[in-house]
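Written below as structure tokens is the structure these notes are about.
Read-outs throughout are calculated quantities, based only on the coordinates presented, and are distinct from any laboratory measurement. Worth saying up front: this structure is predicted, and the values here are computed from it rather than measured. Using ideal geometry, Cβ is built from the backbone for each residue, glycine included, and neighbour counts are taken over all protein chains shown.
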Amino acid sequence: MKKNHANPWVIVGLSLLLVVAMAGSCLLGAVDFSLQEIWHSPIFWRMRLPRVVMSVLVGAVLSVCGAAYQSIFRNPLTDPYVLGVSSGASLGAAVAILLGLEAFLWGVGGMALAAALLTVVFIYRISSIGNRMHTTTLLLTGVCLTLLISALISFLMVMNQEKMDTIIFWTMGSFGSASWTDVAVLAPVAVLGIGVVLWYGRDLNLLLAGSEAARSMGVEVEKVKRVLLLFTTLMVAFAVSSCGVIGFVGLIVPHAVRLLAGPDNRKVVPYAMLCGALFVLVCDTLARYMLRPSELPVGSITSIVGAPLFIYLLYKNKKGY
């Protein structure tokens, strides 16, 4: 096995660890289950298990997208929300909640997904010059639009204080309402999108050297960027529309993997996929177990757990910066 490919033993080890963590997470929550009770519990099959599966899918999606963005934009501190996807989804969800669409299947999620996609199309049109995408303009537009949308959401919450708690909880992320329908919607998008990112692993490595260098090595730079941005945006939009905004995952997980395993995306992407799934699963388990029967927004746990870990990794590897 070549050194520039993922180590199969690492993949197997992370996969086994993820399976064990999923099994443990299935037993813990507002209601604890014994191994004997699991098979006969409707709560387990209808609520607990889809929640665990959703947390794994979302963690994998956000981490893989973060790894792709960091290579596309040649910035190790870029995360999936740099394009304003999460902000657009948050605004769509807030409007849906205020309109009373929570009672409808995918009322909030559908509005969040539509708003996220429209936000990305808007930003992409602004940052495109002919057939080329201007990366700096893309990043700056995403940041500015994120700030604008955050202000709009704050305004909506102040004007509708009776629904403020619902909006705040959604914008901080939660798997509390996860169902098999959500899994069925996200899973094919996640599998297809992650497959595309894995397929373009070599091109992502060349993009790290710069567009001109990648072009000289035979990479169709603009095409690769458009394809990757399309599929990563779809993955993030579907993830956010199903569980809300879960920050920090797409930033710290792929960056931590790069610090530990090196910059090669043929290693980073599969490792980040498994590590991200494990990270979000553990954070969600803590979110529903720490204050049971109440639960915390999972986004707050990912930040509380992730930020110190990220700072520690940066400190241990500061000589490389």
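A few points about this structure:
- Residues Ser216 and Ile304, FRET efficiency given R0 of 41 Å [Cβ-Cβ distance, rounded to 0.05]: 0.40
- Rounded, prolate or oblate (a/c below 1.5 giving rounded, otherwise prolate when a/b exceeds b/c) for the chain by Cα gyration tensor: oblate
- Taking 7 Å steps out from each Cα toward its Cβ at Ile168 and Lys223 produces label points 5.0 nm apart.
- Applying a length cut-off of 15 Å (Cα extent along the axis) and a mean Kyte-Doolittle floor of -0.5 to the DSSP H helices of the chain leaves 8-27, 49-72, 85-98, 107-127, 135-159, 180-199, 221-243, 249-261, 265-289, 298-316.
- Taking region 180-319 and dividing mean pair separation by its residue count, relative contact order in percent (alpha carbons under 8 Å, at least six apart): 24 percent
- Relative contact order %, the chain, counting alpha carbon pairs below 8 Å whose residues are six or more apart: 32 percent
- Among Tyr271, Tyr312, sorting on how many other beta-carbon atoms sit within 10 Å of each Cβ, with the fewest leading, yields Tyr312, Tyr271.
- Per residue of the chain, the DSSP helices (runs of n ≥ 4 H) give a summed -39500 (n - 2.57) that works out to -24000 deg cm²/dmol at 222 nm.
- Site pair Ala209 and His40 shows an inter-label distance of 6.4 nm when each label is modelled 7 Å from Cα along Cα→Cβ.
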